[in-house]
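Here is the structure we will look at, set down as structure tokens.
The values are calculated or read from the model by the stated rules, or taken from the named source; none is laboratory data. Bear in mind the structure is a predicted one, so any value in this text is a computation, not a measurement. Quick reminder, even Gly has a Cβ in these numbers, built from the backbone with ideal geometry, and neighbours come from all protein chains shown. Calculation scope for accessible area: heavy atoms of the full protein, side chains included, ligands and nucleic acids excluded. Shrake-Rupley method; radii C 1.70, N 1.55, O 1.52, S 1.80 Å.
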Amino acid sequence: MQQGTAPCAEGKGRDSKSIAVAAYMGVSTAEQRGKYGIPAQADAIGAFLEKRPTWRLVGSWEDPGESGSTDSRPGLDKLLTEISAGRADVVVVHSLDRLGRTGAAIWRCIWQVQDAGAEVECCNQVLGERGLDRWLTIDRLAQTVEADYQRIVARTQAGRQLKAVDGGWPGGPAPYGYRISGKGAFGSALEVDPAEAAVVKLLADLVIEGGRTVRDIAEELNRRGILTRSGKSWTTTNLHRRLKSAAFLGQAVFRRSDQQWGGHCTRLDGSGRPLHGESVVIPLPPILPADRIRAVQQALAEFARPRRIPVGEYPLTGRIHGPCGLPYVGCFRGDGVRTYRCSGWQATEPCGCVFLRADHVEELVARHVNALLASTPLRDRPMLPASPQAQRRLLLHAERVRSLKRLVAQCDGELDGLRRQARHSRVIAAAVRQLEADKGALERVLAHAQDWLEELETRVSRDDRVAAVVGAAAPDSQALLPSEQRCLLESLKVRVDIADPEFRYREGTKCMTMQWHEGSGTPVPPDPTDSLWPRVEELLRSRYRPHHFRSPLDLRAALSGMLHRLRTGILWRDLPERFGDPGKVRFRQRTWLADGVWAEIVEILSEVGEGAPVLSHATAPPLSISSGPIAVRQPNVSLGTRAVDPAGIS
């Protein structure tokens, strides 16, 4: 059974050759970063290596403040790279809980080290010889680590629950309008913060007064020089959260089950109840009288928007940059449209960068990527660097799963044989109990291994789909999932910049002629030719009196201007002079549309060829999309830069 390439700590042969050792240390909370956790582990590892003269320390890797529940950590990732390069044979940790706080996390960390080409050893815990003994020892120790972790969680949560039931504050920042008295003591509780209470009363007045949106109220607070608790300006987001706080609800609730979003929500069980204790209502000294609280809640219900949870991912988040230089992030607009917005739009002084419709800009980037890949020889196209390692890791772990299944099946066979023997033999009964315990341990490890195998298969499948698009004769990056598109864009180092810093979207409502074309699905026809213009003029003269033609406006040029504006989406004021006075051209078009003449003109002009789609409100400013340089199969090649306008790739 494959268990890694390095022998175990007490194995034979370690005294005969030099062993390259890597030390791995970590603490799970940011509060421990500058304290004694890491130095204490380093001292213990140093003392451990002093007893083994042939073990040579090649380096130390640390993960201070990284969660032990994740299998991807900066220090660990760097260490795995060193092992894969053959520069370490053994990874030494102070104890097994430095690899993770749950059995699944510990096993995944050990398997990653083994598959990279090394073995894990502990300073204060002997993991045993490779084989079944090592599996069972690690499982026993991992069970102990997880049980200790669960006891800590249970005790902490029980203490918080008891404190909340007694009316104290169970931890975390105080609701807006309050502060914690006796902080750090057993009897800490909430009391009114006079400065914030004054803001709460002002907010109540502004909300009850009506006629304002959340944005209006935030701007009013900023205008008055009132800042948030952290010293920042008010935004619609942080103000909306404050308006949902205890001061405006009339109470503080510990373990709320009706607000499940973000990374700090109350954990619920399968029935939807709080996992670590029932919800507790904590009485608070009031800031607002009861009738005032009811009035605020009623006013909030009239203009508060339901919380929008974005569906799907935004593969271009962080890859679009506006004139201010800040990156764009994906978000929903007020009307529910997927967009990308500059991260500086909610700053104290908004940068003013325009928003981008997500579907449109993603399509432009996909066309750029597709054209770029298609124009690059197959041998020079980028290769995802993680694919070979992921494939190798998947094969090794699949063999590990098969080995565990064989061991479980072997235990089953041995148990069947023992159970058929004399039932009253104490020796056989003890052997059966031990074998059943071993089988249970192997089944636990197998369950962890199968979960990890499913995740590896998902990652490899994603890489394979991305590689298939990269290697296709006609690449289509839009066929990928958003997460896969993000992976491809990262590999190509795609960057999008707004090429026109002065671009602004058209204000006001859409013109009726554009609405007619969009609603009817009628393309914009070509300009009137010498053969068709007489027919158009004859139509106009049959419908209008002579005074319609006495204007100095050239009707043929005006008609060409109308069609030009519909194709390009420009503003009336930007209509070129060759088409005539924009105001008069606009008036004629509205007249022809209202009288039903416009539809007949379009029908006549459409006889000479296929029309173009109407472009209303330029959907995006001109964009500059660039890529690379990137790693390729052959020597590095710099992928060029293309400028993209709203209609496509230029």
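Here are a few things to note about the model shown:
- Some residue of region 476-487 being open to solvent by 20 Å² or more (accessible area, probe 1.4 Å), over 19 Å from Glu362 (Cα atoms) and either at pLDDT 90 or above or more than 20 Å from the chain's Cα centre (by Cα) (or both): no
- When we screen Asp115, Asp43, Asp133 for residues that are acidic (Asp, Glu) and touching a helix residue (DSSP H, G or I) at 6+ places or on another chain (Cβ under 8 Å), the only hit is Asp115.
- When restricted to residues that are among the β-branched types (Val, Ile, Thr) and more than 17 Å from Gly177 (Cα to Cα), region 198-216 contains 3.
- Conditions (1) under 49 Å from the mean Cα position of the chain (by Cα); (2) modelled with pLDDT of 90 or more; (3) not hydroxyl-bearing (Ser, Thr, Tyr): number failed by Leu605: (1)
Every residue, every condition in (1) under 30 Å from Leu136 (Cβ atoms); (2) assigned to a helix (DSSP H, G or I); (3) open to solvent by 30 Å² or more (accessible area, probe 1.4 Å), yes or no:
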| residue | (1), (2), (3) |
| --- | --- |
| Leu364 | no, yes, no |
| Thr376 | no, no, no |
| Arg392 | yes, yes, yes |
| Leu396 | yes, yes, yes |
| Arg400 | yes, yes, no |
| Ala409 | yes, yes, yes |
| Leu442 | yes, yes, no |
| Val445 | yes, yes, no |
| Ala467 | no, yes, yes |
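- Condition broken by Gly131, with the remaining ones in (1) among the small types (Gly, Ala, Ser); (2) surrounded by fewer than 17 Cβ atoms within 10 Å (Cβ to Cβ); (3) in contact with a strand residue (DSSP E or B) (Cβ under 7 Å, 6 or more places away or on another chain) satisfied: (3)
- Top-ranked residue in region 522-558 [being of a type in the set (A, V, I, L, M, F, W, C) and assigned to a helix (DSSP H, G or I); ranked as farthest from the chain's Cα centre (by Cα)]: Phe549
- Of all the criteria given as (1) open to solvent by less than 10 Å² (accessible area, probe 1.4 Å); (2) at pLDDT below 70; (3) outside any loop (DSSP other than H, G, I, E, B), the one not satisfied by Ile625 is (2).
- Tabulated pairs, region 93-119, first touching a residue at least 60 places away in the same chain (Cβ under 8 Å) and among the acidic types (Asp, Glu), second assigned to a helix (DSSP H, G or I) and open to solvent by 10 Å² or more (accessible area, probe 1.4 Å), C-beta under 8 angstrom, 6+ apart or interchain: Asp115/Arg392; Asp115/Arg393; Asp115/Leu396
- Entry remark, region 137-162: residues being in contact with a Leu (Cβ under 9 Å, 6 or more places away or on another chain), in contact (Cβ under 8 Å) with a residue 60 or more places away in the chain and open to solvent by 40 Å² or more (accessible area, probe 1.4 Å) number 0 in total.
- Scanning region 77-109 for residues that are in a loop (DSSP other than H, G, I, E, B), more than 27 Å from the chain's Cα centre (by Cα) and not polar (S, T, N, Q) yields Ala85, Gly86, Arg87, Ala88, Asp89, His94.
- Subset of region 495-515 (residues that are open to solvent by 60 Å² or more (accessible area, probe 1.4 Å) and at pLDDT 90 or above): Arg495
- Filtered by the rule that a residue be in contact (Cβ under 8 Å) with a residue 40 or more places away in the chain, part of a loop (DSSP other than H, G, I, E, B) and in contact with a helix residue (DSSP H, G or I) (Cβ under 8 Å, 6 or more places away or on another chain), region 163-179 gives Trp169, Pro170, Pro175, Tyr176, Gly177.
- Taken over region 169-188, the criterion of being open to solvent by less than 30 Å² (accessible area, probe 1.4 Å) and over 36 Å from the mean Cα position of the chain (by Cα) is satisfied by Ser188 alone.
- In region 266-292, residue surrounded by the fewest Cβ atoms within 10 Å (Cβ to Cβ) [restricted to those that are closer than 15 Å to Leu202 by Cα and in contact (Cβ under 8 Å) with a residue 60 or more places away in the chain]: Arg292
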